[in-house]
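The values are calculated or read from the model by the stated rules, or taken from the named source; none is laboratory data. Note that this is a predicted model, so its numbers are computed, not measured. Every residue, glycine as well, gets a Cβ built from its backbone with ideal geometry; the counts of neighbours run over all protein chains shown.
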Amino acid sequence: MNTSRRRLLASLLQGSAVLTAAGLLPTHTVGMQKDAANMENKDKKGSTTQEGAAQAHQVASIAAMQALDVARLPDGQRIEVAGYHAGETLGGGSFIWYANERREADGGTCFRAHDQADGRFLRRLDNTLTPGMFGARGDGSDQHVALKQLAEAANAQQRDVVFPAGDFALSATGLRFEGIRITGAGASHTQLRYTGDALGSLVEIHDGARISGFMLNGNVSDDPRRWSSSNYDAFTGCLPLDLRGSNVSAHDMVCRGSPVACLRVEAKRFVLRDIATEHARGNFGDGIFIVDSRDGIVERCQARDFTRIGFVADTYGESPEYMLSERIDFIDCLAENGHHASVDYGDAEYNAGYWAENSHAVRFIDCRSRETTHHGFVATTGRAPSQGTGHFTLRGCIAETTAVGYLLSDLHGIPVRHAVDDCLARAVDKGFCIEMMLPASRLTGQRLATELRGTRRSGSTLALEGDGHIDIRHLDETWQVFNDRRHDSVRASYASIVSAGGFKGELHIAHFQSRHGDTDEPAAVGFKLIGQSHLRDFTLSATRARLFHIPAERISLNDCEIPAGWIKAFNTLDVDACRLGDGVPRFDIFDITQHHRYRHCRFDFTPGGGHLYLHNSDKRNSRHVVRFERCRFKKDLAQHGSMITLDAAPGVFLADESNYLTFRDCTFENSGPATDTPAIHILQRPPQASLTGHGNRKNATLNALSAFELDDGLMENS
């Protein structure tokens, strides 16, 4: 063979060209390195290809080559083999007889002569091996023995492997590759298919290896006619692809038909790109399961038709305490059609598109989950990372057609930091469930959107539980179905933000918009925090909201529209530049209340005839001051009654002094006819409330405010 042709074939093989069995396979066997070097030297010295061919023995098969009388073969004799099997061209090639060679025969690159201990036929090679060299046909028949020999030889010689198109069946698992590249003709052309039923790993990729261009089928058994807890573990078959060690990767693959995960990763520094997994079944029927791993990228991958979870980042229960899955990016991935769930630890587990637990520094970027039973995305801690806090990022993600779009939490006493940006929950019952038990846990978010089905009583954009710090800006919700009557009930949990189990942390919301159905007309956002909820701090900005029940130490409302609600500010209430009215906003005053202040607010009770209800709920009755500064009040007093109702608990009635309402630069406007109805109605007995003001503009309807006088002492701290 001339030098230029040898170089051409080498370049084709390095470019992953697949040479089929139609007469070209003998040319991909061009000698082991030392043999290739010898041939180069011979060519340089003047030996011709024609002379070499005249000296070569021609045989029909590997078996015929092994049957040669090697005693009559000179050392270095070249043998041309037409095909691995007689009558075929697959796996043929050029061999050299070395009389003194004693290396182990491997079934593809090195053969013994029959009944001879010494001497070997060595195949002339470049840097790649093929299944045909080991007699493996891609015709659907069992090729396990041949492919096992191929893998062992490739690992030992560190030569890459190129598979042609074909259907390669394997009756056993454990095809292991390490430190080399394994390339198929594409997932639609090259299939490795398991035919057994024992659990194991069909293909294992270890340190430094890379696999691409295959469909791997684990031969999972059929679904039962009826799913139950007794048959979740009844599936047979194997795990199609297993990546272990470090610096491993898989590209352009389909992994399907597994009784556990379709693809498992337990490695450092790994890459999964353009992988599709499908039809995972059983108690651990996941698409891609990443465990005890770090520094990985999962990009443009898909998980379809799985029993439990599409994409998992987690650790084993028996893993060392220091072990985490961390620094893993999921980018532009899709999980869809997750169904049922698994039965684990004696109870039913959830089904989800993505699940990160016992993890740290996991990012979900532009990922999508749809058609899952329970959750779209779950991110939680569990084992302590080195800095003591787990970090999760979700950006540009979509969760749709599921019960809960996003479940974000801490776990087992390990704080968490969630950063959620530009995420959407669509066609869900709950948008974002935030369950953080620790005050040190924190969630920050911006540009979040929900499209709620609204067919269940418990629908909500945010469902809160536990503790922690939540700060979200720019929320946009749409109710596909909305029941106004249920929404108006204080006892209903049908609200945009709900805490049914109790939330005791800090909640900061800004720019929250809500709409019902197909209309663009804005609607009020419903807040209801019950079940032992008692916030440390609550702020609401640039939002129209019905605050059904908000108990907090400190409350700040800025640039909001509050038609109705019930606020319990135990320490401080600041209401700035807000519009209140139409319904009945209720604000409770407690014995520990330090500040209760309204600035630049507009109280317009004209449409609905509501009023501001101030309730002194403490029994000891400290001296309370409610300040109104530069506020405007408007109402038809004759038709709807007073603007402000000042009430007190029974224990207050015997107190010497009660509440002080202080007004500065306020305006009271009766939008109806003149009436004796007072603007402020006092339910206390005896009526010892002091109504003080400065520079107020009054009309005739306020003559009943006989105690309305200047009190500079009350305004010193304003």
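Before we move on, is ARG442 basic (Lys, Arg), over 29 Å from GLU318 (Cβ atoms), crowded, with 19+ Cβ neighbours inside 10 Å and modelled with pLDDT of 95 or more? Considered against the rule, which asks whether it is basic (Lys, Arg), over 29 Å from GLU318 (Cβ atoms), crowded, with 19+ Cβ neighbours inside 10 Å and modelled with pLDDT of 95 or more, ARG442 comes out as yes.
Looking at the stretch 53-75, which of the residues that are small (Gly, Ala, Ser) and exposed (fewer than 12 other Cβ atoms within 10 Å of the Cβ) is farthest from ASN100 (Cα to Cα)?
Once the filter is applied, the top-ranked residue is ALA54.
All told, SER293 meets the bar of being more than 18 Å from MET215 (Cα to Cα) and of a type in the set (Gly, Ala, Ser).
Looking across the stretch 79-111, just one residue is surrounded by 18 or more Cβ atoms within 10 Å (Cβ to Cβ) and of a type in the set (D, E, K, R), and that is ASP106.
How about the stretch 156-182: which of its residues are touching a residue at least 40 places away in the same chain (Cβ under 8 Å) and buried (at least 19 other Cβ atoms within 10 Å of the Cβ)? Full working, then the answer.
Quick first cut of the stretch 156-182, residues touching a residue at least 40 places away in the same chain (Cβ under 8 Å) only: 156-157, 162-165, 173, 178.
VAL162, PHE163, PRO164, THR173, listed by residue number.
Quick check on HIS595: is it surrounded by fewer than 19 Cβ atoms within 10 Å (Cβ to Cβ) and at pLDDT 90 or above? Full working, then the answer.
Working: surrounded by fewer than 19 Cβ atoms within 10 Å (Cβ to Cβ): yes; at pLDDT 90 or above: no.
Taking the combined requirement at face value, the residue does not satisfy it.
Looking only at the stretch 288-327, filter to residues that are more than 21 Å from ASP233 (Cα to Cα) and small (Gly, Ala, Ser); which one of those is surrounded by the fewest Cβ atoms within 10 Å (Cβ to Cβ)? Per the criteria, the residue is SER319.
Evaluate the following for ARG123: is it among the charged types (D, E, K, R), within 27 Å of GLY184 (Cα to Cα), crowded, with 21+ Cβ neighbours inside 10 Å and modelled with pLDDT of 95 or more?
Numbers: among the charged types (D, E, K, R): yes; within 27 Å of GLY184 (Cα to Cα): yes; crowded, with 21+ Cβ neighbours inside 10 Å: yes; modelled with pLDDT of 95 or more: yes.
For ARG123, the condition - among the charged types (D, E, K, R), within 27 Å of GLY184 (Cα to Cα), crowded, with 21+ Cβ neighbours inside 10 Å and modelled with pLDDT of 95 or more - is met.
When we screen ALA36, ALA22, ALA53 for residues that are within 30 Å of GLY186 (Cβ to Cβ), part of a helix (DSSP H, G or I) and modelled with pLDDT under 95, the only hit is ALA36.
For the stretch 204-231, enumerate the residues that are small (Gly, Ala, Ser) and either assigned to a strand (DSSP E or B) or closer than 30 Å to LEU147 by Cα (or both). I'd like the intermediate steps shown before the answer.
Going residue by residue through the stretch 204-231, those that are small (Gly, Ala, Ser) are 208-209, 212-213, 218, 221, 228-230.
Passing the criteria: GLY208, ALA209, SER212, GLY213, GLY218, SER221.
Of the residues ALA71, ALA82, ALA60, ALA86, the single one that is of a type in the set (A, V, I, L, M) and over 58 Å from the mean Cα position of the chain (by Cα) is ALA71.
From the list SER188, SER246, SER201, SER228, exactly one residue is out of contact with any helix residue (DSSP H, G or I) (no Cβ under 6 Å at 6 or more places or on another chain) and modelled with pLDDT under 95. Which is it?
Values: SER188 fails: modelled with pLDDT under 95; SER246 fails: modelled with pLDDT under 95; SER201 fails: modelled with pLDDT under 95.
The match here is SER228.
Just so you know, in the stretch 563-590 the residues that are β-branched (Val, Ile, Thr) and under 39 Å from the mean Cα position of the chain (by Cα) include one that is surrounded by the most Cβ atoms within 10 Å (Cβ to Cβ), and it is VAL575.
Within the stretch 417-439, how many residues turn out to be surrounded by 21 or more Cβ atoms within 10 Å (Cβ to Cβ) and in a loop (DSSP other than H, G, I, E, B)? The total comes to 1. Those strands (runs of 3 or more DSSP E) of the stretch 470-569 in which 2 or more residues are at pLDDT 95 or above and out of contact with any strand residue (DSSP E or B) (no Cβ under 9 Å at 6 or more places or on another chain) are absent.
Considering only residues that are surrounded by fewer than 24 Cβ atoms within 10 Å (Cβ to Cβ) and in contact with a strand residue (DSSP E or B) (Cβ under 8 Å, 6 or more places away or on another chain), which ones fall in the stretch 212-227? Don't jump to the end; show me each part of the working.
So in the stretch 212-227, the residues surrounded by fewer than 24 Cβ atoms within 10 Å (Cβ to Cβ) come out as 212-213, 215, 219, 221-227.
Hits for the stretch 212-227 are SER212, GLY213, MET215, ASN219.
So which residues in the stretch 72-90 are assigned to a loop (DSSP other than H, G, I, E, B) and either touching a strand residue (DSSP E or B) at 6+ places or on another chain (Cβ under 8 Å) or over 20 Å from ASP126 (Cβ atoms) (or both)? Matches in the stretch 72-90: LEU73, PRO74, ASP75, GLY76, ALA82, HIS85, ALA86, GLY87, GLU88.
Restricting to the stretch 394-404, name every residue that is farther than 17 Å from GLU349 by Cα and surrounded by fewer than 24 Cβ atoms within 10 Å (Cβ to Cβ).
From the stretch 394-404, those farther than 17 Å from GLU349 by Cα are 394-401; that's our starting set.
Across the stretch 394-404, the qualifying residues are ARG395, GLY396, ILE398, GLU400, THR401.
Of the strands (runs of 3 or more DSSP E) lying entirely inside the stretch 602-664, those carrying at least 2 residues that are modelled with pLDDT under 90, in contact with a Leu (Cβ under 7 Å, 6 or more places away or on another chain) and not small (Gly, Ala, Ser) are 612-616, 624-629, 644-648, 659-664.
Residue check: is GLY257 farther than 18 Å from ALA335 by Cα, of a type outside the set (A, V, I, L, M), assigned to a strand (DSSP E or B) and modelled with pLDDT of 95 or more? Steps first, answer last, please.
Numbers: farther than 18 Å from ALA335 by Cα: no; of a type outside the set (A, V, I, L, M): yes; assigned to a strand (DSSP E or B): yes; modelled with pLDDT of 95 or more: yes.
It is false that GLY257 is farther than 18 Å from ALA335 by Cα, of a type outside the set (A, V, I, L, M), assigned to a strand (DSSP E or B) and modelled with pLDDT of 95 or more.
Against the definition (buried (at least 23 other Cβ atoms within 10 Å of the Cβ) and either farther than 20 Å from CYS423 by Cα or in contact (Cβ under 8 Å) with a residue 24 or more places away in the chain (or both)), how does GLY285 come out, yes or no? Yes.
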